[in-house]
Every structure is written in C-alpha cells, then in structure tokens.
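As structure tokens, the structure follows; a few thoughts come after it.
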Amino acid sequence: LPRILPLTERLEQLFASRIDHLPVPTRDLLLLAVLDGTGDLAVLSPDADGLDALAPAERARVAYVDDTTSRLVFHHPLVRSAIIHRSTSGERRQTHQALAERRRDDPERLAWHLAEAAVAPDEHVAALLEQVAHQHLRRGDAVAAIAELLRAAQLSLSGERRGVRLAEAAYLGASINGDLAQVPELLEQARRSDPEH
C-alpha cells in the first residue's frame with residue numbers, strides 16, 4: 001500500500017475535525033512525523049522540550065508516544081493522510097527540507113527529502129538519488145532503484161544525464177522486474193532528452 005492513502009471527502013472531514021483545532025506547533029510536528037515516516041522522536045524534535053507540542057495531539061487521540069518503542073504512533077493510518085491533505089505544498093517542501101537537515105547521517109533519507117523539497121532541477125540532488133538507486137540495486141531492490149532513477153531524471157539539469165537515468169530505469173524495469181509496459185515510453189523520453197546519444 002502507498003504510505004499515504006487517498007481519502008474521500010467525508011473521511012477527510014472526519015479526520016480533519018480532530019486536526020484543525022490543534023495548535024500550529026502540534027500540526028507542524030505531526031506533518032514532520034508523517035513525512036519522516038519512522039516516528040523517531042530524536043528526529044522529530046532533537047530538543048526534548050519540542051515534544052511538548054505533542055500533548056494536544058495525544059489528548060485529541062490523533063497520535064501517541066509508544067512507551068515500549070519510544071516512537072510516535074498515529075491512532076489510525078488515515079490520520080496520516082488527513083495531515084497531508086490539510087497541508088500545503090509549500091509546508092511539505094519546508095518540512096522535507098527540515099528533515100533533510102536532520103537526516104544528514106542517512107544518505108537514502110537525505111536524498112529523498114532533498115528531492116521532495118526541490119522545486120527546480122538540481123544536479124546535486126539528482127546525483128545523490130542516483131547513488132542511492134545503485135545502493136538499492138546492489139541490495140536487490142530494483143523497484144526502489146527505478147523510482148529513484150526516475151526522480152533523479154526529473155531533477156537532472158542536462159538532457160544527457162536525464163537520458164542516461166531514464167534509459168537505466170527502463171533497462172532495470174525490463175531486465176530485472178520484467179515490466180515491459182513502460183519501457184518504450186521511458187526510452188522515448190530518453191531519446192528526446194538526449195537525441196545525439
């Protein structure tokens with residue numbers, strides 16, 4: 001299943017009623033938790049005092065700190081979706097940028113958070129994603145590698161690098177996953193990105 005599930009309008013209103021009355025710092029901390037996805041309290045608030053903002057969410061039965069794992073847990077998976085739906089794209093980009101700062105020691109999470117925070121092509125972030133894709137490929141996770149190569153292609157500054165990344169994603173899809181449906185389209189995009197090569 002996707003990490004964030006789609007909500008009907010009725011479900012969104014139901015969960016939003018619990019979220020909308022929360023103080024802004026609490027909503028910000030919850031968005032941080034949703035986009036981080038681990039519930040790791042040290043990432044959510046490096047300063048322990050910042051966790052005081054969780055109290056209203058706990059009282060509203062939106063989320064709680066699991067005493068056995070010391071992680072933030074949402075009472076219902078759809079709460080996460082409602083938090084995303086109630087945020088703006090700008091708020092999500094700022095939150096991803098903040099998470100990238102906190103995830104400097106984790107290259108995979110750093111690369112994805114920087115990619116999600118990017119609003120324009122960025123070759124540095126594209127190169128980081130490509131490195132992470134190759135790490136995933138070495139571990140046998142071709143699905144993650146393809147997703148990272150496709151996002152790296154979107155962030156590529158040059159047509160040549162975009163073409164290479166698209167072609168590699170097509171190759172992995174065809175040879176490792178056996179997914180031939182997207183290969184022609186990816187190869188055509190690669191050709192348009194770098195017609196000479």
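Here, each number is a calculation from the coordinates, and none is a lab measurement. Nothing here was measured: the structure is a model prediction, and the numbers come from that model. Every residue, glycine among them, receives a Cβ derived from its backbone with ideal geometry; neighbour counts consider all protein chains shown.
Eigenvalues of the Cα gyration tensor times 5, then square-rooted: what semi-axes does that give for the range 1-118, in whole angstrom, largest first?
Result for the range 1-118: semi-axes of 21, 18, 13 Å.
Roughly how tilted is helix 183-193, in degrees to the nearest 10 and between 0 and 90, from the longest Cα axis of the chain?
Around 80 degrees separate the two axes.
Using θ = phi - 60° and the Karplus curve 6.51 cos²θ - 1.76 cosθ + 1.60, what whole-Hz ³J(HN,Hα) does each residue of the range 130-144 get, with Gly and Pro shown as x?
Taking θ as phi minus 60°, the curve returns 5, 4, 5, 4, 5, 5, 5, 5, 4, 8, x, 9, 5, 4, 5 Hz for the range 130-144.
Could you tell me what a quarter of the Cα convex hull surface of the range 124-197 works out to, in nm² with one decimal place?
Details: hull surface 17.2 nm².
Mean projected area for the range 124-197: 4.3 nm², to one decimal.
Express the relative contact order of the chain as a whole percentage, based on alpha carbon pairs under 8 Å and six or more residues apart in sequence.
Working: 241 pairs, mean separation 27.2, N = 197.
Value for the chain: 14 percent.
Calculate the dipole size of the chain relative to its Cα centre from +1 charges on Lys and Arg beta carbons and -1 charges on Asp and Glu beta carbons; express the result in debye to the nearest 20. All intermediate terms of the calculation are to be shown ahead of the outcome.
Details: 23 positive and 30 negative charges, 78 e Å.
The dipole of the chain has a size of about 380 debye.
Using a 10 Å Cβ count of at most 10 others and DSSP loop calls, identify the longest part of the chain lacking such trypsin sites (Lys or Arg not before Pro).
Details: sites that count: 104, 139.
In the chain, the maximal stretch lacking such sites is 1-103.
Using the alpha carbon gyration tensor of the range 49-197, what are the three equivalent-ellipsoid semi-axes (square root of 5 times each eigenvalue), largest first, in whole Å?
On the way: eigenvalues 256, 58, 42 Å².
They are 36, 17, 15 Å, listed from largest to smallest.
With r defined as the distance between the Cβ atoms of residue 10 and residue 73 and R0 fixed at 25 Å, what FRET efficiency is calculated, to the nearest 0.05? Display every interim value, and only then the final one.
Working: r = 25 Å, r/R0 = 0.98.
Calculated transfer efficiency: 0.55.
Could you work out the helix-only [θ] at 222 nm for the chain, with each DSSP H run of four or more residues adding -39,500 (n - 2.57) and the total divided by the number of residues, to the nearest 500 deg cm²/dmol?
Values: 11 runs with 125 residues, N = 197.
After summing the helix terms and dividing by residue count, I get -19500 deg cm²/dmol.
Could you identify which residue out of 111, 42, 57 has the top mean-square fluctuation in a GNM of the chain using Cα springs shorter than 10 Å?
Greatest mean-square fluctuation among the candidates belongs to 42.
Over the alpha-carbon set of the range 79-144, divide Rg by the Kirkwood Rh and report the Rg/Rh ratio to two decimals. Walk me through the numbers on the way to the answer.
Values: Rg = 13.2 Å, Rh = 12.8 Å.
Taking Rg over the Kirkwood Rh, I get 1.03.
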